[in-house]
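Any read-out appearing in this document is the output of simple, stated calculations on the displayed coordinates, not a laboratory observation. Note that this is a predicted model, so its numbers are computed, not measured. Virtual Cβ from ideal backbone geometry, glycine too; neighbours counted across all protein chains shown.
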Amino acid sequence: MNYDETLHYLYNALPVFHKIGGAAYKEGLDNTLALDERFNHPHRKYQTIHIAGTNGKGSISHTLAAIFQLAGYKTGLYTSPHLVDFRERIRVNGEMIYKEYVVEYVARNKAYFEELQPSFFELTMMMAFCYFESQKVDIALIEVGLGGRLDSTNVITPELAIISNISFDHTQFLGDTLEKIASEKAGIIKPHIPVVIGEAGTLEVRAVFERKAAQEEAPIFFAEEEKPLLAATKSSTGWLYETREYKQLEGELGGLAQKKNTVTVLSALRVLKERGFNLPDAAIYKGFREVTSLTGLMGRWQIVRTHPKVICDTGHNSGGIQYVAEQLRLESYRTLRIVIGMVNDKDITAVLRLLPTEATYYFTKAAIPRALDTPQLQAQAASFGLQGDSFPSVEEAVTQALHDCESDDLLFIGGSNIIIAEALPLF
């Protein structure tokens, strides 16, 4: 098989969560443990950092990866889902995994995979672990796929665990209360391994983390309580932070949620330094300032055009959309236009009630089975006073929205990772 044929095999022979949703979810670690045994525990050959949470995992993991690679560490980064290219999931020092490695890895182990029947996520995660071993990385940042306790990535024993925040998402798997969701995410806390909590949110959620940390005798740090961030000022390109340790720290990522993510990263950096990692100030300043070019991060309040201004953001649940809605209110424009599509296993109403009623909407759906039908989305949106037309594809919705735009309009594209994935190549 060549590379395209290999990807076709991966997408069609294995259940892929971001395409079909719950049918691809395999509870438990049996397959992962079998894979781990088969490949001789590759993640034990390098140090790791484990990142969980409802929102912010990608921004936090990419920022830390940028800092580590600038500090001279050969740095692996495993994230999901990808937006445009499958290989975005697996990077070393910002460079995507070689196509040849993907082809050879699948070809060499195809018979075993067909016998075991792992999920797409389980297989690609182990591919990442093996690739990092082959590249002799010093450290790898590993982003949790879903939850924590039963997530495939939870076979690692990291140097640090990070839990960004807790919000409602994947409730059919993680539970229907914040405490239940927190309990699942707290499953990445390991014996004697420090954990940084970005936002506890409520006393009840905080108590969940404290109990689990006490059981594991794990040092626990609440980033918000440490107050490492003194001030944040919006700049033309992102944020200018004043922190206890770093004066005039320029943050490239411009979304409002990045203030919270930055607090988490700063707390994590303090713990990592205390554990002996050499992370010079110069690496921290440049890592914050140039994270997208260093790591390839996309879709975080990403401005893809300026006249008219077009912004893409992957926020897709109520926790993420509340920041999107707040930031849209701060923007200046003649007319606000929004291209939106969602998947059918999210809490649609929780998102729709947060969106601005004065915008003109272009309802659409991604080309995956899991996408919510456009007429259904349009009808639900209308009940919240959101008006607009429907379009059968993301390309048609974006094309019409751009056609309708004046130069001083604002076009926002979002609602789902998959919408962003299909929109970005258009720019």
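What's the local net charge at His307, with K and R +1, D and E -1, over the other residues with C-beta under 10 Å away?
Surrounding charge for His307 is -1.
In deg cm²/dmol and to the nearest 500, what is the mean residue ellipticity at 222 nm of the chain if only DSSP H runs of at least 4 residues count, each as -39500 (n - 2.57), divided by the residue total?
Details: 18 runs with 177 residues, N = 427.
Theoretical 222 nm ellipticity from helices: -12000 deg cm²/dmol.
For the chain, set up a Gaussian network in which alpha carbons nearer than 10 Å are linked by springs, and say which option among Ala71, Ala359, Ala382 fluctuates the most.
Ala382
Under 12 Å from the Cβ of Arg334, count the other residues' Cβ atoms, weight Lys and Arg +1, Asp and Glu -1, and hand me the total.
-4
Using θ = phi - 60° and the Karplus form 6.51 cos²θ - 1.76 cosθ + 1.60, what ³J(HN,Hα) does each residue of the range 113-121 get, whole Hz, x for Gly and Pro?
Listing the rounded values in order: 4, 5, 6, 6, 6, x, 6, 4, 5 Hz.
About its Cα centre, how strong a charge dipole does the chain have in debye, to the nearest 20, once Lys and Arg get +1 and Asp and Glu get -1 at the Cβ?
Dipole of the chain, to the nearest 20 debye: 740 debye.
Which aspartates and glutamates have a Cα less than 14 Å from the Cα of Lys74, not counting those fewer than 8 places away in the same chain?
Those aspartates and glutamates meeting the cut-off are Glu95, Glu133, Asp138.
Nearest-5 percent of antiparallel DSSP beta bridges in the chain?
Given both bridge residues lie in the chain, the antiparallel proportion sits at roughly 35 percent.
Checking the table Lys309/Lys346; Lys57/Lys212; Lys136/Lys247; Lys234/Lys365; Lys136/Lys260; Lys260/Lys286 against a 25 Å threshold on Cα-Cα, which pairs fail? Intermediate results must be reported in sequence, preceding the final value.
Working: Lys309/Lys346 28 Å; Lys57/Lys212 20 Å; Lys136/Lys247 34 Å; Lys234/Lys365 33 Å; Lys136/Lys260 33 Å; Lys260/Lys286 19 Å.
With Cα atoms farther than 25 Å apart: Lys309/Lys346; Lys136/Lys247; Lys234/Lys365; Lys136/Lys260.
Taking the number of other C-beta atoms within 10 Å as the exposure measure, put Asp345, Asp281 in order starting with the fewest. Spell out each step's value before the answer.
On the way: Asp345 17, Asp281 11.
Placing the least packed residue first, the sequence is Asp281, Asp345.
What percentages make up the Cα-Cα pair-distance distribution of the range 302-426 when the bins are 5 Å wide from 0?
Calculated P(r), rounded to whole percents: 2, 12, 25, 28, 22, 10, 2, 0.
For Leu272, Leu411, which order do you get if you count the other beta carbons within 10 Å of each Cβ and list the fewest first?
In order of increasing Cβ crowding within 10 Å: Leu272, Leu411.
What does the charge count near Glu242 come to, summing +1 for each Lys or Arg and -1 for each Asp or Glu among other residues with Cβ under 14 Å from its Cβ?
+3
Note down the magnitude of the dipole of the range 94-198 about its Cα centre, charges +1 on Lys and Arg C-beta and -1 on Asp and Glu C-beta and zero elsewhere, to the nearest 20 debye.
About 120 debye.
Taking the beta-carbon count within 10 Å as an exposure proxy, list Leu160, Leu33 from fewest neighbours to most.
Details: Leu160 22, Leu33 12.
Going from sparsest to densest Cβ surroundings: Leu33, Leu160.
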